1. Shielding by partners for B:110-120, please: the mean number of other protein chain Cβ atoms within 10 Å of each residue's Cβ.
2. Given the range A:29-137, report the % of alpha carbon pairs whose separation exceeds 17 Å.
3. At 10 °C and 1.306 mPa s, what whole-number value in µm²/s does Stokes-Einstein give for the translational diffusion of the range B:54-146, with Rh from the Kirkwood sum over Cα pairs?
4. Tell me what chain A gives for mean residue ellipticity at 222 nm when only DSSP H runs of n ≥ 4 count, each as -39,500 (n - 2.57), the sum divided by the residue total, rounded to 500 deg cm²/dmol.
5. In the range A:63-138, what trypsin sites (Lys or Arg not before Pro) fall in a loop by DSSP, with at most 16 other Cβ atoms inside 10 Å?
6. How much FRET efficiency would the formula 1/(1 + (r/R0)^6) give for residue B:51 and residue B:373, where r is the Cβ-Cβ distance and R0 is 60 Å, rounded to 0.05?
7. Could you work out, residue by residue across A:223-229, how many beta carbons of other chains sit within 10 Å of that residue's beta carbon, and then give the average as an integer?
8. Using packing as a proxy for protection, rank B:259-270, B:23-34, B:113-124 so that the peptide with the highest average count of other Cβ atoms within 10 Å comes first.
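Derivation of every value follows stated rules applied to the coordinates shown; laboratory data play no part. Nothing here was measured: the structure is a model prediction, and the numbers come from that model. Here Cβ is always computed from backbone atoms with ideal geometry, including for glycine, and neighbour counts include all displayed protein chains.
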Amino acid sequence: MTEELYEELEAILIQADLGVEASVGLVETLRQRAKAEKIKAAEELRWLLKDELKKLIGEPGVLIKNPSGPTVVMIVGVNGTGKTTSVGKLAYHLAEQGQKVVLGAADTFRAAAIEQLEIWGERAGAAVIRHQMGSDPAAVAFDAVQAGLSRRADYILIDTAGRLHTQTNLMQELEKVGRVIGRAMDGAPHEILLVVDATTGQNALNQAKLFAKAVPITGIILTKLDGTAKGGIVAAVVNTLRVPVKFIGIGEGVEDLKPFDTEAFVEAIFDRS
Amino acid sequence: MLFEGLSQRLQDTFKRLRGRGKLSEKDVKEVLREVKLALLEADVNFKVVRTFIARVQERAVGEEVMNSLTPAQQVIKIVRDELTELMGGSAVQLRFEGKPPYIIMLCGLQGSGKTTTAGKLAKYWQKQGRRPLLVACDIYRPAAVKQLQVVGESLNIPVFALNGQDPVVIAAEALEYAKNHNHDLIILDTAGRLHIDAELMGELQRIRERVPVYRTILVVDAMTGQDAVTVAEEFNNAINIDGVILTKLDGDARGGAALSVRSVTGKPILFGGFGEKSDALEVFHPDRMAGRILGMGDVLSLIEKAEASIDQDEALKMGKRMLSAEFTLEDFQAQLEQMRKLGPMDQILQMLPGANKIKGLDKIKVDEKQLRRIEAMIQSMTPEERRRPEIIDGSRRRRIAAGAGVKVQDVNKLLKQFEESRKLLKQLGLLEKKAKKGGLFSLFK
Ligand SMILES: Nc1nc2c(ncn2[C@@H]2O[C@H](COP(=O)(O)OP(=O)(O)O)[C@@H](O)[C@H]2O)c(=O)[nH]1
Ligand SMILES: [Mg+2]
């Protein structure tokens, strides 16, 4: 009876993309706790597992605020995870709170990426600093930070081109963008958010590791949680990088960026609809 | 970890099971437990794994163990054959039959790579003599139309777009335009959408009702996890897809989604995307994908190749020596002879799982023309020199060069390259040892 339940719970975790190792580990912890605390009821076991999972994923993080001057936020990730959209939504979210935002269009590679960000800039009422397609992304980032400084912006958000973590030269380019931002302003970038697509499976962990090798990641944005994917791989990402999930993406509209909520995230994993 | 995946974990099992006649249920179970883990780690859907394992188990129990293979290898071989079979066996070519223009509709989740793929397909078919027209049906995402226009421009392929129109109307008008402008192929780039978005799924249905779509292709990101099954199933139920394109295969994702998608829809995977460049599109090969999902590179084809062309003991010995510090110019020479039968060394090395992760391995290139000169140089050396190349000083180099009819620089280059290769191979060998459960080359045992 109980054995069946354990297997069912393990299956739920694996199907939420938590990965075999984490799933087996969690259920093992559950077994031990159940034994020690003499728990048998299915409902209680479920509750315990959710509790363990919450502990594993940890508290949500909040956006860093630089107390002395603008906060520079760099957005990174593999292709198509939702970086530009997240920059746009974040800009809107900040502008709603009365913050002055400047955007840097440092994806100079993908066709019409600059135009895409410009449209988001209009939606959020944020200025967009841009160069030509194909120009040096570090130079754009530098200019964006300088513009933000001189305009006394509260936030400077830098969109970057999508790149696979296995492309060494592009990862070096990213590192350079980070370095050049630091040259434009001491202590910047203050925040580097890795955008992870909830639809992604185990590969997200490789992504996280290699991005963190190139630039110091400070938090995660988990996008596309409006679909049916559960995004369980963030548990491994959070525990490997030791950085929190800060925001989630739940759609393509301006309002569709929300603060991460561990409790709701865990509940959704067990919500089988 | 370097040699992630199945091959290393199987070493123990291999050892235990060596030298039996028929596959017992226990043999099979032991190996399949590892296979199951490998598949799950590769993101193959949980339920798909379960069905698959059950199927292999049924097939494998009681089967004769082939002479040269151990029971464990035999199970793995069955696993790979079944995987390959499940993914369609051999490569499927999309054929154009009937009356043009042929409309190809691309669809998929947000960010799966539709627009990039649209450009690649247009170029691919243009090279085959077609006259493609790209059509911008993504009217929602900011600058999506512009993106396709830029892609089209860079490829010199016309892009059809209409401002402020419904995608259904755009598709219909594009068809008219194509007929009038002598395009025989129309590629519809549709907006990314969630499979649970009834309204947008309805839009795809309406496009299909309005224009005769020749093939509907689902574009899937190779990094997709467990959800691939749901996505593929829903798209297939709503609009009955004809095939799949798997994108972002140039990364290091194992790509289990390929198996998931294929097994729930039964539709073939037509192409794989291997990069952002417009020519980074390849016909999909189920057998290669099977090896990738299992995380064992092409070890099996290597086994097969080695079996077919050379003595297994020889291959094993060679493999071991290549990875040890004792690899000498003598071995190198023997290797050169073997190569003619087995294939070039760089290719052999590339078949090993994890090999692509070793920096500099791609530099061990032996070009056929060079081969003969290298052979001549090695032949001009004394046995002592071949075993201990470090003793080859300036005067010896001049002698060797004269004997082989090459320049002294050529000898210098050979020795330098050999030294570099030896270092790399040694590194590979050391890493091999570190991957606890035994060497790759024990696969040959
Ligand atoms: N459903 C959904 N789609 C999203 C979300 N975030 C981004 N997208 C879509 O994903 C696609 C890729 O987003 P984009 O921002 O261009 O990705 P980038 O390449 O990382 O900059 C676009 O179609 C976005 O509209 C999200 O949270 N939910
Ligand atoms: Mg972008």
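1. The per-residue average across the peptide is 4.
2. On the way: 3856 of 5886 pairs.
When every Cα pair of the range A:29-137 is considered, 66 percent fall beyond 17 Å.
3. 90
4. On the way: 10 runs with 133 residues, N = 273.
Helix contribution divided over all residues of chain A: -15500 deg cm²/dmol.
5. Sites meeting the loop and neighbour criteria: A:65.
6. Calculated transfer efficiency: 0.60.
7. Mean inter-chain Cβ contacts per residue within 10 Å come to 6.
8. Values: B:259-270: 22.2, B:23-34: 18.2, B:113-124: 25.8.
Descending mean neighbour count gives B:113-124, B:259-270, B:23-34.
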